[in-house]
1. Check whether at least one residue in the stretch 120-127 is within 25 Å of GLY215 (Cβ to Cβ), out of contact with any Lys or Arg (no Cβ under 7 Å at 6 or more places or on another chain), not aliphatic (A, V, I, L, M) and not in a strand (DSSP E or B), and report yes or no.
2. Among all residue pairs at least 6 apart or on different chains, which show Cβ distances below 8 Å where the first residue, located in the stretch 68-88, is more than 17 Å from ARG174 (Cα to Cα) and touching a residue at least 60 places away in the same chain (Cβ under 8 Å) and the second is β-branched (Val, Ile, Thr) and assigned to a strand (DSSP E or B)?
3. For residues in the stretch 142-184 being in contact with a Gly (Cβ under 9 Å, 6 or more places away or on another chain) and assigned to a loop (DSSP other than H, G, I, E, B), which is surrounded by the most Cβ atoms within 10 Å (Cβ to Cβ)?
4. Give the residue that is farthest from THR40 (Cα to Cα), with candidates limited to residues of the stretch 78-101 that are surrounded by 16 or more Cβ atoms within 10 Å (Cβ to Cβ) and among the aliphatic types (A, V, I, L, M).
5. Inside the stretch 1-56, can you point out the residues that are of a type in the set (Asp, Glu), at pLDDT 80 or above and either over 30 Å from THR218 (Cβ atoms) or in a helix (DSSP H, G or I) (or both)?
6. Could you go through the stretch 99-115 and let me know if any residue there is aromatic (Phe, Trp, Tyr), touching a Phe, Trp or Tyr at 6+ places or on another chain (Cβ under 9 Å) and farther than 15 Å from GLU212 by Cβ.
Amino acid sequence: MYRRAVLTVVVIAALVSPALAQSRGQVSANIGWVLSEGVTGDAVKGQDGNTYTGLDPKDAASFHFTVGFFTTPNTEVGFLYGRQFSELQVSGTATKAIDSMGVDNYHAYFAYNFGDPDARVRPYAMIGLGATHYSGVNFTTTAGQSSNIPGVTRLSTTWGAGVNAYASGNVGFRAGMRWTPTYIKSDAAGWWCDPWWGCYVVGDAQYSNQLEFSGGVTFKF
């Protein structure tokens, strides 16, 4: 019985070891710059005499990390975390900064890496699904009163493309761009009527968009 158990373990190890040896992944660390877009709402008359209609994260520096595993020589699944060091602004007849605000992205992603696995240059395309978190901000009104806007987390996707250029077998440089639209709210856009479902209010969805240009290092393991 003991010998049979040992033999079974040896056979399983012999079958599994090559598969594990072929399992590879990569990690990357990147810094960049994000172009940001917020959302609009009803006009609000400020105590300073200006009319404000929008809330926007300010364009700012960013970083992100990825950890991915190759399921085939070309396909990759992984997780991405990124942060933009932004500032919340109100806009309208004037633009004013409210307070610093972090924008955090958490996305599971799927990527396709083009070319041979051992090629020195490999373009890639990726898509991810997850959430974006906007940190809360504190500010003082023009009347001198302290106030705050609480943080909020919303569903988001991320879409990216770029290239990995390997200086050696396992270490390389990564450059890419990534677009992250985040659903914020829907405004009533009117009524729609049809003979089957009757009449209902149609919503106009608003998204806050981040467009990141980044570069960094990547390591295969």
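1. yes
2. Listed by first residue and then by second, the contacts come to GLN84/VAL34; GLN84/VAL103; LEU88/ILE98; LEU88/VAL137; LEU88/ILE149.
3. Within the stretch 142-184, the match that is surrounded by the most Cβ atoms within 10 Å (Cβ to Cβ) is GLY151.
4. Going through the qualifying residues, I end up with LEU80.
5. ASP56
6. Yes; the residues of the stretch 99-115 include at least one that is aromatic (Phe, Trp, Tyr), touching a Phe, Trp or Tyr at 6+ places or on another chain (Cβ under 9 Å) and farther than 15 Å from GLU212 by Cβ.
Okay, residues lined up against (1) over 23 Å from THR53 (Cβ atoms); (2) touching a helix residue (DSSP H, G or I) at 6+ places or on another chain (Cβ under 7 Å); (3) small (Gly, Ala, Ser):
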| residue | (1), (2), (3) |
| --- | --- |
| THR72 | yes, no, no |
| PHE79 | yes, no, no |
| THR93 | no, no, no |
| ALA97 | no, no, yes |
| ALA119 | yes, no, yes |
| ALA125 | yes, no, yes |
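The values are calculated or read from the model by the stated rules, or taken from the named source; none is laboratory data. This is a predicted model, so every value here is computed, not measured. Cβ coordinates were reconstructed from backbone atoms using ideal geometry, including for glycine residues, and neighbour counts include every protein chain displayed.
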